[in-house]
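Encoded as structure tokens, the structure appears first; notes follow it.
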Amino acid sequence: MTDRELLEALFHDMQTMKDDMQTMKDDIQVMKGQIQTLDQKVTKVELTLENDTNRNIQILAENHINLVDKLNQAIRVQDKSILYEVQVSGLKMKVDQLEREIADIKTKIA
């Protein structure tokens, strides 16, 4: 191979490398655009989480606490209601017994 042929081969290889580098630059530019788009999307998701989702979860948690408190109050009221029913039942039995005793006394007197 002559010097000229070597120079031409070298020039051709250099040109190929330049073309490949230009293609890489273009690809990198596209990737930069995609990264920028992804960064915007991530920022949007973060803002949504911070402003909407976390706030809504906090509201749900607060309402859950209120519901639990109301349930506990209802259970206490129900427990008291059961106690009152037991007391009333006991009083009814005593009244029935007293009525029988009074009826017995009335029959003995009469």
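Okay, here's what the table says:
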quantity	calculated
Enumeration of residues in the stretch 59-93 that are closer than 28 Å to L49 by Cα, of a type in the set (V, I, T) and open to solvent by 80 Å² or more (accessible area, probe 1.4 Å)	I65
Odd one out for E5 among (1) at pLDDT below 95; (2) of a type in the set (D, E); (3) surrounded by 10 or more Cβ atoms within 10 Å (Cβ to Cβ)	(3)
Residues that are within 53 Å of the chain's Cα centre (by Cα) and open to solvent by less than 100 Å² (accessible area, probe 1.4 Å), drawn from the stretch 13-29	D19, D20, Q22, T23, D26, D27, I28
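The values are calculated or read from the model by the stated rules, or taken from the named source; none is laboratory data. Small disclaimer: the values here were computed from a predicted structure and weren't measured. Neighbour counts run over all protein chains shown; Cβ positions are idealised from the backbone, glycine included. We work out accessible area using only protein heavy atoms, side chains counted, and drop any ligands, DNA or RNA first. Shrake-Rupley method; radii C 1.70, N 1.55, O 1.52, S 1.80 Å.
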